[in-house]
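What follows draws every value from the coordinates through simple rules; no lab data is involved. Only a predicted model underlies this, so the values are computations on that prediction, with no experimental measurement involved. All Cβ positions, even for glycine, are placed from backbone atoms using ideal geometry, and neighbour counts span all protein chains on display.
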Amino acid sequence: MIRGWLVVTLATGCIDAIAPEVGPLQSSGEATCNADTDPGTIVPYADVQQLFDDRCTRCHRPGGEGVQDSGLDLTSYDVLLAGGTRSVATIAIPGEPCASVLFQKLTEAPPFGARMPRGDRNLSTAELQLVHDWISEGALAP
């Protein structure tokens, strides 16, 4: 029995000795995920609101299905930042789009529920980038 333990211990030690030098552990990529993709261009909230008006407020408006289901109203800056029933203050965390429920719900793997907008109406890469960068820049008011 001891012989088996000794072989495993020696083998493990040998494997460690021949393992490549890979350097220190890197961060999870959160800083990269949250970085503004176009730091030279400020995204005005009016552009984000226009996107919501075009793609989201059909449901996420007072009396709409989205507000009834989630409590999230996207018709103005103030009601957006109030969040929905589950998202509340995490809807748009200034400087942290990847931790913001708003951005997560628009991407392929939302933290809960379905990806938005529902159906095959997913946002384009440019539209996702617009929301991402607006939050990355601080989710500034109009």
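In Å, what is the Rg of the alpha-carbon atoms in the stretch 49-142, and how long is Dmax?
Here Rg and the maximum Cα pair distance are 11.8, 31 Å.
Determine the distance separating the Cα centre of the stretch 56-82 from the Cα centre of the stretch 86-142; give it in Å without decimals.
Centre-to-centre distance over Cα atoms comes out at 14 Å.
Test of understanding: what is the full-extension gain from residue 78 to residue 108, defined as 0.36 nm times their sequence separation minus their Cα-Cα distance? Walk me through the numbers on the way to the answer.
Values: separation 30, 0.36 × 30 = 10.80 nm, distance 2.63 nm.
Taking 0.36 nm per residue and subtracting the Cα distance, the gain is 8.2 nm.
In the stretch 44-142, which GluC sites (Glu not before Pro) fall in coil by DSSP and have 13 or fewer other Cβ atoms within 10 Å? Could you put the intermediate results ahead of the total?
Working: sites: 65, 108, 127, 137; in loops: 108, 137.
Answer in residue order: 108.
Of all the Cα-Cα pairs you can form in the stretch 77-119, what percent are over 15 Å apart?
Of all Cα-Cα distances in the stretch 77-119, 37 percent exceed 15 Å.
Grab the beta carbon distance between residue 85 and residue 41, set R0 = 25 Å, and tell me the FRET efficiency rounded to 0.05.
Values: r = 34 Å, r/R0 = 1.34.
With R0 = 25 Å, the Cβ-Cβ based efficiency is 0.15.
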